[in-house]
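Student: Pasting a structure here, questions to come.
The values are calculated or read from the model by the stated rules, or taken from the named source; none is laboratory data. Since the structure is predicted, the reported quantities are computational estimates derived from the model, not experimental observations. Positions of Cβ are backbone-derived with ideal geometry, glycine not excepted, and every protein chain shown enters the neighbour counts.
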Amino acid sequence: MANMSHELRTPLNAIIGYSERLIEMAIEDDKKSSIKNLEHITTAGKHLLFLVNDILDLAKVEAGKMELLIEEFTVISIVEEVQVVSEALIQANDNTLFIECPEDIGSMRTDQVKVRQMLFNLVSNAAKFTENGDISLRTCREVRDGDDWVVFEVRDTWIGMTPEEAAKLFKPFTQADSSTARKYGGSGLGLSLCLSFGRMMGGDVTMETKVGVGSTFKISLPASITGPVSEETEFIDPMEIDEFSGDTESLAFQLN
Ligand SMILES: Nc1ncnc2c1ncn2[C@@H]1O[C@H](COP(=O)(O)OP(=O)(O)OP(=O)(O)O)[C@@H](O)[C@H]1O
Ligand SMILES: [Mg+2]
């Protein structure tokens with residue numbers, strides 16, 4: 001797995017790095033016609049790198065080899081990072097992102113990189129599937145059975161989904177319908193990784209959605225993971241996630 005990862009990422013990083021260098025040179029030499037073409041190479045390379053990273057993550061999860069890197073970090077810092085990284089995506093569709101995070105929310109002790117990746121996917125989904133609308137990212141701390149939990153909620157006010165569409169989303173490589181990939185891009189891996197990561201960290205990802213009204217995705221995580229985790233991490237096979245067969249238009253979707 002480590003070899004494979006190296007073999008795939010190294011040439012891709014070289015393509016991206018060299019094309020960026022060539023853009024700089026084209027700018028210095030004022031070669032406008034080359035700049036656009038070189039930018040296409042960089043964009044395509046970065047897109048492919050994202051995809052390769054997601055596929056490698058999925059392969060690791062499926063092989064039971066995904067590990068958690070536990071560290072302490074402040075919740076606000078991660079919310080702010082996600083806000084900064086998603087700014088361009090939010091603006092692309094003329095959306096507005098509202099952030100709510102209490103100043104005294106404190107810190108978490110868990111896998112920071114995975115939490116960031118999960119949140120970014122939810123916010124980028126909301127931004128991709130919303131036009132000229134409001135998206136909110138709310139964070140709060142809760143006590144459940146005496147333990148501290150942190151809950152991140154991403155809500156959009158746009159297309160929403162039918163129960164049939166919603167039922168498939170947490171499976172890898174699935175999108176609401178076949179036109180999604182053509183219109184919005186993406187590979188349909190984000191939510192399945194989100195769920196796998198959430199469960200590895202002892203939490204869960206749930207959603208509520210209603211056609212024409214919008215969707216709310218919720219990540220609930222224990223604020224602190226104690227003890228060694230990687231060996232004991234329960235492995236869930238994303239391919240075996242149950243399909244939801246509901247017939248109500250609005251549904252509370254909980255993956256068991
Ligand atoms: N907020 C949302 N509103 C409407 N549909 C959504 C929303 N979030 C997800 N979806 C649907 O769920 C599908 C799966 O989402 P997921 O994040 O797994 O994949 P993706 O965004 O298409 O691709 P990737 O995340 O791999 O780049 C999306 O393609 C879309 O059809
Ligand atoms: Mg996504």
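Student: Residue check, residue 143 against (1) within 25 Å of residue 54 (Cβ to Cβ); (2) in a strand (DSSP E or B), all met but one. Which one?
Tutor: Here residue 143 clears every test but (1).
Student: If you don't mind, another one. If residue 153 satisfies every condition in (1) within 16 Å of ligand 1 (Cβ to nearest atom); (2) among the acidic types (Asp, Glu); (3) more than 16 Å from the chain's Cα centre (by Cα) but one, which is the exception?
Tutor: Just one mismatch for residue 153, condition (3).
Student: Here is a further query. With respect to residue 113, determine if the residue is of a type in the set (Val, Ile, Thr), in contact with a Leu (Cβ under 8 Å, 6 or more places away or on another chain) and closer than 27 Å to residue 172 by Cα.
Tutor: Details: of a type in the set (Val, Ile, Thr): yes; in contact with a Leu (Cβ under 8 Å, 6 or more places away or on another chain): yes; closer than 27 Å to residue 172 by Cα: yes.
So residue 113 fits the description; yes.
Student: Quick check on segment 134-175: of everything there that is free of Cβ contacts under 8 Å to residues at least 40 places away in the same chain and among the aliphatic types (A, V, I, L, M), which residue is surrounded by the most Cβ atoms within 10 Å (Cβ to Cβ)?
Tutor: 169
Student: Sticking with this one: Just a yes or no: is a residue in segment 226-235 away from ligand 1 (no atom under 11 Å from the Cβ), hydrophobic (A, V, I, L, M, F, W, C) and at pLDDT below 90? Before the answer, list the steps.
Tutor: As a first pass, look at segment 226-235 and keep what is away from ligand 1 (no atom under 11 Å from the Cβ): 226-235.
Imposing the further condition that a residue be hydrophobic (A, V, I, L, M, F, W, C) reduces the set to 229, 235.
If we keep only those that are at pLDDT below 90 too, we end up with 229, 235.
Checked segment 226-235: at least one residue is away from ligand 1 (no atom under 11 Å from the Cβ), hydrophobic (A, V, I, L, M, F, W, C) and at pLDDT below 90.
Student: Still on this model: Among the residues of segment 174-199, what is the count of those that are farther than 18 Å from residue 67 by Cα, away from ligand 2 (no atom under 12 Å from the Cβ) and out of contact with any helix residue (DSSP H, G or I) (no Cβ under 8 Å at 6 or more places or on another chain)?
Tutor: Final tally of qualifying residues: 4.
Student: Given the criterion in contact (Cβ under 8 Å) with a residue 40 or more places away in the chain and either in a loop (DSSP other than H, G, I, E, B) or touching a strand residue (DSSP E or B) at 6+ places or on another chain (Cβ under 6 Å) (or both), identify the matching residue among 198, 188.
Tutor: Details: 188 fails: in contact (Cβ under 8 Å) with a residue 40 or more places away in the chain.
Step by step, each of 198, 188 is checked, and only 198 is in contact (Cβ under 8 Å) with a residue 40 or more places away in the chain and either in a loop (DSSP other than H, G, I, E, B) or touching a strand residue (DSSP E or B) at 6+ places or on another chain (Cβ under 6 Å) (or both).
Student: Among the listed residues 81, 103, 131, identify the single one that is charged (D, E, K, R) and surrounded by 13 or more Cβ atoms within 10 Å (Cβ to Cβ).
Tutor: Values: 103 fails: surrounded by 13 or more Cβ atoms within 10 Å (Cβ to Cβ); 131 fails: surrounded by 13 or more Cβ atoms within 10 Å (Cβ to Cβ).
Sole residue among the options that is charged (D, E, K, R) and surrounded by 13 or more Cβ atoms within 10 Å (Cβ to Cβ): 81.
Conditions (1) at pLDDT below 90; (2) in contact with a Ser or Thr (Cβ under 8 Å, 6 or more places away or on another chain); (3) within 13 Å of ligand 2 (Cβ to nearest atom), marked per residue:
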residue: 155; (1), (2), (3): no, yes, no
residue: 167; (1), (2), (3): yes, yes, no
residue: 172; (1), (2), (3): yes, yes, yes
residue: 213; (1), (2), (3): no, yes, no
residue: 223; (1), (2), (3): no, yes, no
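Student: Which residue is modelled with the highest pLDDT, if the candidates are limited to segment 193-209 and must be touching a Gly at 6+ places or on another chain (Cβ under 6 Å) and crowded, with 18+ Cβ neighbours inside 10 Å? Break it down into steps so the answer makes sense when it comes.
Tutor: First, pick out the residues of segment 193-209 that are touching a Gly at 6+ places or on another chain (Cβ under 6 Å): 204-205, 209.
Those left that are additionally crowded, with 18+ Cβ neighbours inside 10 Å: 205, 209.
On the way: 205: 97, 209: 94.
Selected residue: 205.
Student: Here's another thing I want to ask about it. Considering only residues that are touching a residue at least 12 places away in the same chain (Cβ under 8 Å) and loosely packed, with under 11 Cβ neighbours inside 10 Å, which ones fall in segment 2-33? If you could, list the steps in order and put the result at the bottom.
Tutor: Taking segment 2-33 first, the residues touching a residue at least 12 places away in the same chain (Cβ under 8 Å) are 4-5, 8-9, 12-13, 15-16, 19-20, 22-23, 26.
None - no residue of segment 2-33 is touching a residue at least 12 places away in the same chain (Cβ under 8 Å) and loosely packed, with under 11 Cβ neighbours inside 10 Å, so the list stays empty.
Student: May I ask you to list the residues in segment 46-69 that are of a type in the set (A, V, I, L, M), over 17 Å from residue 194 (Cα atoms) and surrounded by 15 or more Cβ atoms within 10 Å (Cβ to Cβ)?
Tutor: Of all residues in segment 46-69, those of a type in the set (A, V, I, L, M) come to 48-49, 51-52, 55-56, 58-59, 61, 63, 66, 68-69.
From what's left, over 17 Å from residue 194 (Cα atoms): 48-49.
If the condition is that a residue be of a type in the set (A, V, I, L, M), over 17 Å from residue 194 (Cα atoms) and surrounded by 15 or more Cβ atoms within 10 Å (Cβ to Cβ), then 49 is the only one that fits.
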